[in-house]
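Enquirer: Take this structure, written in structure tokens, and hold onto it; I'll ask about it next.
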Ligand SMILES: *Cc1c(COP(=O)(O)O)cnc(C)c1O
């Protein structure tokens, strides 16, 4: 048989299509601050995306044109006035790294090849940044949700002395603790791990939206008195609603005294370690048993990549290693080395996500990433002050980091939803909404290295305009 390879018959045509695509991608990046923030996908493109399974290909040129047509219709998080949820902005360098990773097409489940050494380096850098000991372990994953599942599995297995790995959960009633401001990935992990979400106790917060430490202590005491077994406390470093950071040192003290695993959700907040001036806000983070955070948020590594760091590497390994005969290691050759990444997580085949993390750090350095984080926090303080100064607006939570929650004062109950929807539909800016103390508010999260003060000024002015328009 000849001609069955999927490589192009006409390499020149492939090169032409690839160069066009690269130009289009670079243009998109270079003009990221221009134009609308978000544009809904036009009907004709939606139509073109609902075809039957193609039996015959259309070739690289037409395929590449179809891909290029999609470029303007992203979430909008590359734009400096995207303020919704917590989304990183990506970098052009990260895009280039993704091209190289695709060219290598490496599988990082294990074995001895170049990509593995890059991921090992990323793990070592993270260990250094968070001052974790030799013997701690880490894994590049898709994001904080996956990192949380991995970390809490190790915590669960340790508390059950790994007997559950063969025998199942048994009769022990494990319980864990986090604050009411927690991200729902923690409850999802409890569900996935067979613990049930009722086993996750939601502790109240103080006026700064930080976990109420006294309430945490009483909850642990009450559970112990009732014969339950507390196995983890999940602290939050940068809560998704308002950016609050729990008192990590106080939680670490309790976890130590009670022999409970201390996990931290630092999805974006843990990135403050990159900033000399903000790092003290994370006091206690280096005492965690495990930490989950994202590179795709405040490090601006292109989606999707996060990390799980575990203090006791041996426990981490025991929780995930399952030696299969077809995966046996060797002294030399491709199957040498180990343990492999697959021994530290649920996935066997893994892509080369680590490369774009490595390149962003190599290209910019940690200090520059830290400076960008500082700038975001300064802009949030600036917006917070402007909200306080505007008689039409009300600040709804203290500005802890990079998130500003505020409301437009109006007799219309849905005014804040309406303002946010209008800003998005008009392509001006894209904040999201959240609920603070039972009330829907406008939430501006500044997690973009491209955002300037002019972007904040414009957004604020438009909020006031639309608010006035909608109130009449
Ligand atoms: C984004 C976020 C998560 C979830 O992270 P993913 O990378 O989206 O899985 C968890 N916790 C907090 C505080 C977050 O901001």
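Enquirer: Keeping to region 129-152, report how many residues are away from the ligand (no atom under 16 Å from the Cβ), touching a residue at least 24 places away in the same chain (Cβ under 8 Å) and not in a helix (DSSP H, G or I).
Expert: Matching residues across region 129-152 total 7.
Enquirer: Same structure, new question: Which one of 251, 233 is more than 17 Å from residue 295 (Cα to Cα), within 16 Å of the ligand (Cβ to nearest atom), at pLDDT 95 or above and in a helix (DSSP H, G or I)?
Expert: So the residue among 251, 233 that is more than 17 Å from residue 295 (Cα to Cα), within 16 Å of the ligand (Cβ to nearest atom), at pLDDT 95 or above and in a helix (DSSP H, G or I) is 251.
Enquirer: Another question, if that's okay. Considering 60, 45, which residue is away from the ligand (no atom under 16 Å from the Cβ), exposed (fewer than 15 other Cβ atoms within 10 Å of the Cβ), more than 28 Å from the chain's Cα centre (by Cα) and in a helix (DSSP H, G or I)?
Expert: One residue alone meets the criteria, 45.
Enquirer: Can residue 229 be described as surrounded by fewer than 23 Cβ atoms within 10 Å (Cβ to Cβ) and touching a strand residue (DSSP E or B) at 6+ places or on another chain (Cβ under 7 Å)?
Expert: yes
Enquirer: Now a separate question. (1) in a helix (DSSP H, G or I); (2) surrounded by 14 or more Cβ atoms within 10 Å (Cβ to Cβ); (3) touching a strand residue (DSSP E or B) at 6+ places or on another chain (Cβ under 9 Å): which one isn't true of residue 124, the others all being true?
Expert: (2)
Enquirer: Name the residue that is farthest from residue 99 (Cα to Cα), counting only residues in region 20-39 that are without any contact (Cβ under 8 Å) to a residue 60 or more places away in the chain and part of a loop (DSSP other than H, G, I, E, B).
Expert: Applying the filter and picking the extreme gives 34.
Enquirer: Here is a follow-up. What single numbered condition from (1) within 14 Å of residue 320 (Cα to Cα); (2) crowded, with 18+ Cβ neighbours inside 10 Å; (3) more than 15 Å from the ligand (Cβ to nearest atom) fails to hold for residue 165?
Expert: Among (1) within 14 Å of residue 320 (Cα to Cα); (2) crowded, with 18+ Cβ neighbours inside 10 Å; (3) more than 15 Å from the ligand (Cβ to nearest atom), residue 165 violates only (2).
Enquirer: Could I ask something else about it? On the basis of being closer than 23 Å to residue 231 by Cα, within 16 Å of the ligand (Cβ to nearest atom) and crowded, with 19+ Cβ neighbours inside 10 Å, does residue 155 make the cut?
Expert: Spelling it out, it is not the case that residue 155 is closer than 23 Å to residue 231 by Cα, within 16 Å of the ligand (Cβ to nearest atom) and crowded, with 19+ Cβ neighbours inside 10 Å.
Enquirer: Identify, please: which residue in region 131-152 is buried (at least 19 other Cβ atoms within 10 Å of the Cβ) and more than 17 Å from residue 305 (Cβ to Cβ) and is, among those, nearest to the chain's Cα centre (by Cα)?
Expert: For region 131-152, the residue satisfying everything is 152.
Enquirer: Just checking, how many residues over region 161-205 are in contact (Cβ under 8 Å) with a residue 40 or more places away in the chain and assigned to a loop (DSSP other than H, G, I, E, B)?
Expert: Residues in region 161-205 being in contact (Cβ under 8 Å) with a residue 40 or more places away in the chain and assigned to a loop (DSSP other than H, G, I, E, B): 7 in total.
Enquirer: For the condition under 15 Å from residue 27 (Cα atoms) and at pLDDT 95 or above, what is the one hit in 69, 100?
Expert: That would be 69, the only listed residue that is under 15 Å from residue 27 (Cα atoms) and at pLDDT 95 or above.
Enquirer: Does residue 335 count as over 16 Å from residue 369 (Cα atoms) and in contact with a helix residue (DSSP H, G or I) (Cβ under 7 Å, 6 or more places away or on another chain)?
Expert: no
The values are calculated or read from the model by the stated rules, or taken from the named source; none is laboratory data. All values derive from a computational prediction rather than experimental measurement. Positions of Cβ are backbone-derived with ideal geometry, glycine not excepted, and every protein chain shown enters the neighbour counts.
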